Each structure stands twice: as C-alpha cells, then as structure tokens.
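Comments concern the structure below.
The values are calculated or read from the model by the stated rules, or taken from the named source; none is laboratory data. Here the structure is a predicted model, which is why all the values come from computation and not from measurement. The accessibility values were calculated without ligands, DNA or RNA, using every heavy atom of the protein model including side chains. Shrake-Rupley method; radii C 1.70, N 1.55, O 1.52, S 1.80 Å.
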Amino acid sequence: TGETGNFKPEDIVDIITKQPASAQYIVRRLFSFFMWPNPTDADIKPFVDVYTSNDKRIGAVVEAMLRSDVFYSAKVY
C-alpha cells in the first residue's frame, strides 16, 4: 500500500487487514475449518459481509457460522 514508517505489530496487522483480499482469505480459512474445504466465493460471501460489517471481528464471523443453517447442513456432516 506504499506505507512507510516505524510500525508496531498492531500497525502491521491494520495495514494487512485493510487489503480487500484479507477479508476473503480470513473468512475462507475459518469456513474451511468449521464447514468444508475449498468453499466457493458464494459460500463465504455472507460471512465476509459479517466480517466487514462488524469491524473485522473474528468472533462475529465464528458466531455467524455456528448459528447458520449452513453449519447444520448435510454437507457439513
């Protein structure tokens, strides 16, 4: 992103999570862990929306996944 300076660890995390691809990457990894491997973009879209609308909180995504109908679907079992 062209940012320079003497960054603290939390600054580096902020720079990385500002990237649009980071939301999809993080949610895809969570989805693969809790649901099934290799989800499509359509599979993760609702959870990417949760991530971005909840100030990038992982807990909000995990909660949404565990409460979703997808989590209780036959494909997950």
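Taking a cut-off of 17 Å between Cα atoms, list the lysines near LYS18, but don't count ones fewer than 8 places away on the same chain.
Qualifying lysines at Cα under 17 Å: LYS8, LYS56.
Give me the accessible area per residue for region 19-77, probe 1.4 Å, as a whole number in Å².
66
Round to a whole number: what % of the accessible area of the chain belongs to carbon and sulfur, probe 1.4 Å?
57
Taking the inverse of the average 1/r across all pairs of different Cα atoms in the chain, what Kirkwood radius in Å do you get?
13.4
Round to the nearest 10 and give me the degree value, 0 to 90, for the angle of helix 41-53's Cα axis relative to the longest principal axis of the chain.
50
Note down the relative contact order for the chain as a percent, whole number, built from C-alpha pairs under 8 angstrom at least six residues apart.
25 percent.
At a probe size of 1.4 Å, how large is the accessible area of LEU30, to the nearest 10 Å²?
Approximately 30 Å² for this residue.
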